[in-house]
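What follows is a single structure, written as C-alpha cells, with notes after it.
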Amino acid sequence: MKIAMIGTGYVGLVSGVCFSDFGHEVVCVDKDPRKIEMLERGEVPIYEPGLDRLMARNVEAGRLSFTRDIQAAIDGADAVFIAVGTPTRRGDGHADLTYVMAAAEEIAKAADHYLVIVTKSTVPVGTNAKVREVVAAANPDLDFDVASNPEFLREGAAIDDFMKPDRVVVGVETERAAQVMQDIYRPLYLRDFPIVVTDLESAEMIKYAANAFLATKITFINEIAALCEKVGADVKQVSKGMGLDGRIGKTFLHAGPGYGGSCFPKDTKALARIGQEHASPMQITEAVIKINDEVKRRMVDKLMDLAGGSFNGKVVAILGVTFKPNTDDMRDAPSLTIVPALVGGGAKVRVVDPQGRREGEALLPGVTWEADPYAAAKDADLLVILTEWNEFRALDLKAMAGAMKTPRLGDLRNIYAPEDARAAGFEAYAAIGRAGYP
Ligand code: NAD
C-alpha cells in the first residue's frame, strides 16, 4: 500500500513511521519547513522513545520519506491520512478545524485518482462528513471515500501503543473504504487485535467518549484524594483497593496535580461544547473540566502552605515540567499553572526536566534551568516533584535534604512516603491525598 501522512507531529510522525515498518510505502508531509528539514537530515523533531531508531530503519529501507510537497506525496497513494492539530478554538471551547479543512482542500486539489481520505486527528462528530463536502466541492470529479480512524496512542509509549493497540476504530461509509483500511492494518492481524468498524459518527464519538471517560477517572481519584487529606485516609491505599476490582481497573487511578497534555483538556472541552450545541449537556464532563482547574490551583495553595505562607524570596527547585514523563510535550501541563504562580509570588524558581527545556524555555519565563536535581536543591527552601520521570524516583533524599537551606518536600506525584521524607531529614512534607507533616 502507498500512504500519505499529512502532519508530522506526535501522531502523524509515529503513525507514518509505524505504517512504514508494517511494510507500506509512506510519505510524510508537513507544512513546517523546519520539521521537514530536520526529518530529511534524520533528526526527530519531537522526543518519543525509540522513534529515532525505527525511523532510521525505514528510511534506510526506502519505505519512508518526507516532503513539503503534498502533490508528490499523494501521487499513487491508496490512502491519505490527516493528522494535523485540532486545538481548542479561542473563546468557545470548540475544536478548531481550520487545519483539518485546509488539509482536506489541499488533498482535493492534489488528488486525481481513487483514494481514501482518512481523518486521524481527533474531530467532533460530523467533521468527516464536512471533509467529504469540502473535497467534493474543491474537486467534483474526484472518486474518493472518507474514513474516520481516531488514534489512541499515548505520548511516551506511542510506538508500543500503535503496534499493539487495544483496538483500531475505523468509521466508513462504503465497503471499498473498509477494505482499504483493513489492508492498511492487516499486518497487525497477526496479533489478533479487534478492529471496530462503525459509521463515521460513531467512530468520531468513540474517541471523545474514551478521552472524557479517562479524564473523569483521573478527576474522580483527585477529588477522593482531597477528601482523604481531610479524613486521614491515604489515597494510594484507597486507589489500590479500588483498582483491584476488575470492574474498576487500576489504570488512570493515580492522584496527582490534575490532568494536562495535548488531549484531555482540549477533548473534554470540545465534548462539552458538542453537547451544548446539541442541547444534550455533558454535565459530568463539564464538572470534570471545572474540578481539574481547581485541582491545579489547589496545588499552588498546598505549596504556599509548605513554604510557610509566602513564596517571596524563596528558592524553589521544581523536578519535572512536562505534562507526564517520557515526552517533551508541555501542552496544558500542570506546571504551566503552578510555576508562574511561584514566579509571580516572588520565588526564585529552578527547573530540572530531562526533555522539557526546548519547549519549556518560552513557556516558563523567569526560571533558571538546571541539569541535575542535586544542583537545583542546593540552598533551596522548597523541593517540588511535579512530573514522575524515572530519574526522580530514586533520589538520594538524604543528600537532597542535606543540601537544602530549609528542607521541605512537595511530592505532587506521591513517589516518596512521608516516613522516607522524615527519615531523610525533611522538616516538612506534603503530598496528594495523604497526611503530610509537620
Ligand atoms: P501536533 O501539533 O504535534 O502536529 C500537527 C502537525 O501538523 C504540525 O507539525 C503541523 O505543522 C502540521 N500541519 C498542520 N496543517 C498542515 C497542513 N495543511 N499540511 C501539512 N502539515 C500540516 O499535533 P499532534 O499532537 O500530533 O495531534 C494531531 C491530532 O491527533 C490532534 O487532533 C490530536 O487531538 C490527535 N491525537 C493526539 C494524541 C497525542 O498524544 N498527541 C493522541 C491521540 C490523538
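Estimated from helical segments only, the mean residue ellipticity of the chain at 222 nm is -13500 deg cm²/dmol, where each DSSP H run of four or more residues counts as -39500 (n - 2.57).
I'd like to know which of PHE81, ILE107, LEU51 lies farthest towards the positive end of the charge dipole of region 2-198, counting +1 on Cβ of Lys and Arg and -1 on Cβ of Asp and Glu. So the residue we want is LEU51. Projecting the Cα positions of HIS278, LEU383, ASN139 onto the charge dipole of the chain (unit charges on Cβ atoms of Lys, Arg, Asp and Glu, taken about the Cα centre) puts LEU383 furthest along the positive direction. Would you mind classifying region 2-198 by shape? Square roots of the alpha carbon gyration tensor eigenvalues, ordered a ≥ b ≥ c; an a/c under 1.5 is rounded, otherwise it is prolate if a/b is larger than b/c and oblate if not. Rounded, since a/c falls under 1.5.
If you put +1 on each Lys and Arg Cβ and -1 on each Asp and Glu Cβ, how big is the dipole of region 174-270 around its Cα centre, in Debye rounded to 20?
Values: 12 positive and 11 negative charges, 65 e Å.
Magnitude of the dipole: close to 320 debye.
Using the count of nearby Cβ atoms within 10 Å as a rough guide to exposure, how do ASP420, ASP329 rank from fewest to most?
With the fewest neighbours first, ASP420, ASP329 line up as ASP420, ASP329.
Taking 0.36 nm per residue of sequence separation and removing the Cα-Cα distance, the ILE195/ASP141 pair yields an extension gain of 16.3 nm.
Label sites at ASP420 and ALA157, each approximated as a point 7 angstrom past Cα along Cα to Cβ, lie 2.0 nm apart.
For region 46-85, which trypsin sites (Lys or Arg not before Pro) pass both filters: DSSP loop (anything but H, G, I, E, B) and at most 16 other C-beta atoms within 10 Å?
Numbers: sites: ARG53, ARG57, ARG63, ARG68; in loops: ARG63, ARG68.
Here the trypsin sites (Lys or Arg not before Pro) that fit, given the DSSP loop and packing criteria, are ARG68.
Please say if region 150-292 is rounded, prolate or oblate, where rounded means a/c under 1.5 for a ≥ b ≥ c the square roots of the C-alpha gyration tensor eigenvalues, and otherwise the choice is prolate for a/b larger than b/c and oblate otherwise? In terms of gyration-tensor shape, oblate. When the charge dipole of the chain is built from unit charges on Cβ atoms (+1 for Lys and Arg, -1 for Asp and Glu) and taken about the Cα centre, the candidate among LEU227, GLY12, GLY62 whose Cα reaches farthest toward its positive end is LEU227. The residues SER262, SER148, when put in order of fewest to most other Cβ atoms within 10 Å, stand as SER262, SER148.
Between the helical axis of 51-60 and the longest alpha-carbon principal axis of the chain there is an angle of about 30 degrees. This model, with +1 at the C-beta of Lys and Arg and -1 at the C-beta of Asp and Glu, gives region 200-438 a dipole about its Cα centre of some 260 debye. In this simple spin-label approximation, ARG53 and MET1 carry label points 7 Å from Cα along the Cα→Cβ vector, and these lie 2.6 nm apart. Of ALA279, ALA421, ALA129, the residue with the greatest mean-square motion in the GNM of the chain, using alpha carbon springs below 10 Å, is ALA279. Going from the residue with the fewest nearby Cβ atoms within 10 Å to the one with the most, CYS228, CYS263, CYS28 rank CYS228, CYS263, CYS28.
With the contact rule set at Cα under 8 Å and sequence spacing of 6 or more, what percent relative contact order holds for region 200-438? Could the numbers behind the result be given before it?
Values: 454 pairs, mean separation 49.2, N = 239.
So the answer I get is 21 percent.
Taking the Cα centre of the chain as the origin, how large is its charge dipole in debye, to the nearest 20, when only Lys and Arg (+1) and Asp and Glu (-1) carry charge on their Cβ atoms? So the magnitude is around 1460 debye.
Backbone geometry of region 266-272 corresponds, through the Karplus equation with coefficients 6.51, -1.76 and 1.60 at θ = phi - 60°, to 3J(HN,Hα) couplings of 6, 6, 5, 5, 5, 5, 4 Hz, x marking Gly and Pro.
For region 249-260, putting each phi into the Karplus relation 6.51 cos²θ - 1.76 cosθ + 1.60 with θ = phi - 60° gives couplings of x, 8, 7, 6, 10, 9, 5, x, x, x, 6, x Hz, in residue order, rounded to whole numbers and with x for Gly and Pro.
Across region 381-386, computed HN-Hα scalar couplings (Karplus, 6.51 cos²θ - 1.76 cosθ + 1.60, θ = phi - 60°) run 9, 8, 10, 10, 9, 10 Hz from first to last residue, x flagging Gly and Pro. A Gaussian network model of the chain, with springs between Cα atoms under 10 Å, assigns the largest mean-square fluctuation among ILE159, ILE195, ILE221 to ILE195. In terms of the Cα gyration tensor, with a ≥ b ≥ c the square roots of its eigenvalues, is region 269-335 rounded because a/c is under 1.5, prolate because a/b exceeds b/c, or oblate? Cα axes put region 269-335 in the oblate bin.
Of the residues PRO334, PRO418, PRO194, the one that moves most in a GNM of the chain with alpha-carbon contacts below 10 Å is PRO194. If you plug the beta carbon distance of ARG89 and LYS405 into 1/(1 + (r/R0)^6) with R0 = 51 Å, you get a FRET efficiency near 0.65. With both labels modelled 7 Å from their Cα along Cα-to-Cβ, the ASP293 to ALA102 distance reads 2.8 nm.
If you take the Cα centroid of region 264-334 and the Cα centroid of region 30-108, the two points sit 29 Å apart. Taking amide hydrogens as placed 1.01 Å from N in the peptide plane, the amide H of VAL315 sits under 5 Å from those of LYS348, ASP381, LEU382, each at least 5 positions away in sequence or on another chain.
Read the figures in this text as sums done on the coordinates, not as results from a lab. Quick caveat, the model's predicted, so the values are computed rather than measured. Note that we place each Cβ from the backbone using ideal geometry, even for glycine, and neighbour counts take in every protein chain shown.
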